[in-house]
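Structure first, then comments.
The values are calculated or read from the model by the stated rules, or taken from the named source; none is laboratory data. No experiment lies behind these values; they were computed from the predicted model shown. Cβ: placed from backbone, ideal geometry, glycine included. Neighbour counts: every protein chain shown. Note: accessible area is taken over every heavy atom of the protein model, side chains too, but ligands, DNA and RNA are not part of it. Shrake-Rupley method; radii C 1.70, N 1.55, O 1.52, S 1.80 Å.
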Amino acid sequence: MTVKTRFAPSPTGMLHIGGARTALFSWLYARHFGGEFVLRIEDTDKERSTDEATQVILDGLQWLGLDWDGEPVYQGARQEQHIAAVNQLLDEGKAYRCYCSKEKLDTMREKQRIEGRKAMYDGTCRHLAAPDIPQDAPYVVRFKSAEEGETWVKDLVLGDVCFPNVELDDLILQRTDGTPTYNLAVVVDDAEMGITHVVRGSDHLNNSPRQIQLYEALGLQVPAFAHIPLIHGADGAKMSKRHGSVAITEYREKGYLACAVNNYLARLGWSHGDEEVFTMEQLIEHFDLQHVGKGAARFDQDKLDWLNAHWIKNSSAEALLPAVQRLLDYETTDGPALLQVIPCLQERSKNLLDLVAGAALFYVAPQEYQEKAVKKNFKEGTWDLLAKFVRKAETAAWSGEAAQQWIEDICASEGVNMGKLAQPIRVLIAGVPVSPPMDATLGLLGKDETLKRIQRGVNKLQAAA
Ligand code: GLU
């Protein structure tokens, strides 16, 4: 059997961290087995579904690299097949028309509430005799659920879960306006698309016994189920905006690498021994459903940040380049190649936004100089040290290493530590007393730009003194 999984988001909101993890697990499972992963956009709720939300979902999946096989299927376009299934069930006496009005259902529920019973449809119309069937009255179509026995969900994550059938009332398959409901559509579509494993959030567990009964009533093969426990915030409460539950693409804007987010999401609920760091290839190789935890996972921002820093440090500059370019808010045409700048910032960047901020010094000359740094690093003897450096640079062959050596030599012959000259140079070229190591920085910035910035800074600061 070829494994075929799917991700079936409703485009009624953003693709948040929980949805992205469900998609990742479903994708990993398919890729692990060399199977297929398909995408179905469940856009049947016309009022709440939007094209923008669909686009955000596709964009998020693409960013994470969770590629789907074939074209996405739009559930809304499959209404005919859904209705055909409803009609099949009606014809076979496995479903019935229910004429109960909203008022009647409200009264029924209120009575059940007062009696301390679970609110569920009491089956009035299931047993309507022919003469009692109203003509031309609006109706919904309900499924004749099993009245006795149990339905077992043999879940690949949660284990075997038993649902007594008396607790499952006759669910609506088709609404008064003729539209099919989620439980019906999902069964028809998963069956037709040949889904072998339904991997989804555990908030859908309660739908599964109903869906299993529907598969059986329609004579369709029941797929395997894997319900992934939900994600909670660090405080144990359900994940919300407060915990950083934002659109997954916002992580991209905040300087996270897709591989770090995938690595983090995979470890959020799934484990492989004590290992924390995985490439996508390793995740595909090792992923299984047996090692997905049964309990809710806790979101841990620090761990995500740690993995992001790890992957920034351990990726090639070529791999980082597109993500860095996307976040740039300045031009990089005048200056060294970004590919050469990235490596000297990887070690010190926790985040791609740090890296972008750090790289700015190579492309944007400082407009001002941090007051605190000027006060601390510019003293009586500073101008003379700088003048010596400039003179040396003007007469000798330039390289980053050579420039670093001149700084060391000048400081040694003046009997001061290297910071006395290196820090003022940093302030003059970057505006702040931080930069990657001197030799790399000056090598990349080049002689002309370095001297230009030093000269301009010296003039400005001396004029202000
Ligand atoms: N469309 C459903 C949702 O977004 C998922 C349905 C399913 O996975 O079965 O929650």
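Among the residues of the stretch 188-203 satisfying the criterion of being aliphatic (A, V, I, L, M) and assigned to a strand (DSSP E or B), which is farthest from the ligand (Cβ to nearest atom)?
Taking the stretch 188-203 first, the residues aliphatic (A, V, I, L, M) are 188, 191, 193, 195, 198-199.
Still in the list and also assigned to a strand (DSSP E or B): 198-199.
Numbers: 198: 6, 199: 8 Å.
Looking at residues that are aliphatic (A, V, I, L, M) and assigned to a strand (DSSP E or B), I get 199.
Tell me, please, whether a residue that is within 16 Å of the ligand (Cβ to nearest atom) and more than 25 Å from residue 232 (Cβ to Cβ) can be found in the stretch 56-71. Step through it out loud before you land on a result.
The first filter runs over the stretch 56-71 and keeps only residues within 16 Å of the ligand (Cβ to nearest atom), leaving 56-58, 60-61, 66, 68.
From what's left, more than 25 Å from residue 232 (Cβ to Cβ): 58, 68.
Yes - at least one qualifying residue is present in the stretch 56-71.
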Legend entry - Scope the stretch 374-398; condition open to solvent by 40 Å² or more (accessible area, probe 1.4 Å) and either of a type in the set (Asp, Glu) or farther than 17 Å from residue 461 by Cα (or both); matching residues: 380, 384, 388, 391, 392, 394, 395, 397, 398
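Suppose the filter is away from the ligand (no atom under 12 Å from the Cβ), farther than 23 Å from residue 53 by Cα and part of a helix (DSSP H, G or I); does residue 221 pass it?
So residue 221 fails the test.
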Inset, instruction - Of the conditions (1) touching a Phe, Trp or Tyr at 6+ places or on another chain (Cβ under 8 Å); (2) open to solvent by 10 Å² or more (accessible area, probe 1.4 Å), residue 253 clears all except one; give me its number. - result: (1)
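Looking for whichever is closer than 22 Å to residue 176 by Cα and of a type in the set (Gly, Ala, Ser) here; the options are 76, 70, 60, 35. Which one fits? Even if it seems obvious, please write down each step before you answer.
On the way: 70 fails: closer than 22 Å to residue 176 by Cα; 60 fails: closer than 22 Å to residue 176 by Cα; 35 fails: closer than 22 Å to residue 176 by Cα.
Only one candidate qualifies: 76.
Based on what the data block shows, is residue 370 within 30 Å of residue 255 (Cα to Cα), modelled with pLDDT of 95 or more, polar (S, T, N, Q) and in contact with a helix residue (DSSP H, G or I) (Cβ under 8 Å, 6 or more places away or on another chain)?
Against the criterion (within 30 Å of residue 255 (Cα to Cα), modelled with pLDDT of 95 or more, polar (S, T, N, Q) and in contact with a helix residue (DSSP H, G or I) (Cβ under 8 Å, 6 or more places away or on another chain)), residue 370 qualifies.
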Inset, instruction - Tell me the strands (runs of 3 or more DSSP E) entirely within the stretch 74-167 that contain at least 3 residues that are surrounded by fewer than 17 Cβ atoms within 10 Å (Cβ to Cβ). - result: 150-155, 159-164
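Could we say that residue 211 is within 20 Å of residue 155 (Cα to Cα) and open to solvent by 10 Å² or more (accessible area, probe 1.4 Å) here? Even if it seems obvious, please write down each step before you answer.
Numbers: within 20 Å of residue 155 (Cα to Cα): yes; open to solvent by 10 Å² or more (accessible area, probe 1.4 Å): no.
In short, no.
Is it true that some residue in the stretch 293-304 is without any contact (Cβ under 8 Å) to a residue 60 or more places away in the chain, basic (Lys, Arg) and surrounded by fewer than 16 Cβ atoms within 10 Å (Cβ to Cβ)? Explain how you work it out, then say what you get.
Of the stretch 293-304, the ones without any contact (Cβ under 8 Å) to a residue 60 or more places away in the chain are 302-304.
With the extra rule that they be basic (Lys, Arg), the set shrinks to 303.
Pick out the ones that are also surrounded by fewer than 16 Cβ atoms within 10 Å (Cβ to Cβ) and you get 303.
Yes, the stretch 293-304 contains at least one residue that is without any contact (Cβ under 8 Å) to a residue 60 or more places away in the chain, basic (Lys, Arg) and surrounded by fewer than 16 Cβ atoms within 10 Å (Cβ to Cβ).
Restricting attention to the stretch 424-457, report how many residues are surrounded by fewer than 19 Cβ atoms within 10 Å (Cβ to Cβ) and under 17 Å from residue 376 (Cβ atoms).
Filtering the stretch 424-457 for residues surrounded by fewer than 19 Cβ atoms within 10 Å (Cβ to Cβ) gives 432, 434, 437, 439-440, 446-449, 451-452, 455-456.
Imposing the further condition that a residue be under 17 Å from residue 376 (Cβ atoms) reduces the set to 432, 434.
Of the residues in that region, 2 qualify.
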Inset, instruction - Keeping to the stretch 2-20, report how many residues are away from the ligand (no atom under 12 Å from the Cβ) and assigned to a loop (DSSP other than H, G, I, E, B). - result: 2
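Would you confirm whether any residue within the stretch 127-147 is within 16 Å of the ligand (Cβ to nearest atom), modelled with pLDDT of 95 or more and of a type in the set (A, V, I, L, M)? Write out each step before concluding.
Start the filter on the stretch 127-147 by keeping residues that are within 16 Å of the ligand (Cβ to nearest atom), which leaves none.
No, that holds for no residue.
May I ask you to verify whether residue 180 is more than 18 Å from residue 93 (Cβ to Cβ), open to solvent by 20 Å² or more (accessible area, probe 1.4 Å) and either more than 15 Å from the ligand (Cβ to nearest atom) or not aromatic (Phe, Trp, Tyr) (or both)? Walk me through it before giving the result.
Numbers: more than 18 Å from residue 93 (Cβ to Cβ): yes; open to solvent by 20 Å² or more (accessible area, probe 1.4 Å): no; either more than 15 Å from the ligand (Cβ to nearest atom) or not aromatic (Phe, Trp, Tyr) (or both): yes.
No.
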Inset, instruction - Under 6 Å between Cβ atoms, at least 6 apart or on separate chains: pull out the pairs that start in the stretch 21-50 with a residue that is away from the ligand (no atom under 14 Å from the Cβ) and end on any residue that is in a strand (DSSP E or B). - result: 30/5; 30/36; 30/37; 35/4; 36/4
Inset, instruction - Could you check the stretch 362-465 for helices (runs of 4 or more DSSP H) lying wholly inside it with 1 or more residues that are touching a His at 6+ places or on another chain (Cβ under 6 Å)? - result: none
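Are any of the residues in the stretch 226-239 within 16 Å of the ligand (Cβ to nearest atom), out of contact with any Leu (no Cβ under 6 Å at 6 or more places or on another chain), open to solvent by 40 Å² or more (accessible area, probe 1.4 Å) and assigned to a loop (DSSP other than H, G, I, E, B)?
So the first thing to find is which residues in the stretch 226-239 are within 16 Å of the ligand (Cβ to nearest atom), and the list is 226-231, 238-239.
Those still in the list that are out of contact with any Leu (no Cβ under 6 Å at 6 or more places or on another chain) too: 228-231, 238-239.
Filter once more, so that each one left must be open to solvent by 40 Å² or more (accessible area, probe 1.4 Å): 230, 238.
Next cut, assigned to a loop (DSSP other than H, G, I, E, B) only: 230.
The answer is yes, given that some residue of the stretch 226-239 is within 16 Å of the ligand (Cβ to nearest atom), out of contact with any Leu (no Cβ under 6 Å at 6 or more places or on another chain), open to solvent by 40 Å² or more (accessible area, probe 1.4 Å) and assigned to a loop (DSSP other than H, G, I, E, B).
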Inset, instruction - Output the residues belonging to the stretch 162-185 that are closer than 19 Å to residue 144 by Cβ and of a type in the set (A, V, I, L, M, F, W, C). - result: 163, 166, 168, 171, 172, 173, 184, 185
Inset, instruction - Kindly list, by first and then second residue, each pair from a residue in the stretch 333-362 that is touching a residue at least 40 places away in the same chain (Cβ under 8 Å) to a residue that is open to solvent by 10 Å² or more (accessible area, probe 1.4 Å) and acidic (Asp, Glu), limited to pairs with Cβ atoms under 8 Å and residues at least 6 apart or on different chains. - result: 335/449; 345/354; 348/354; 350/305; 351/305; 356/329
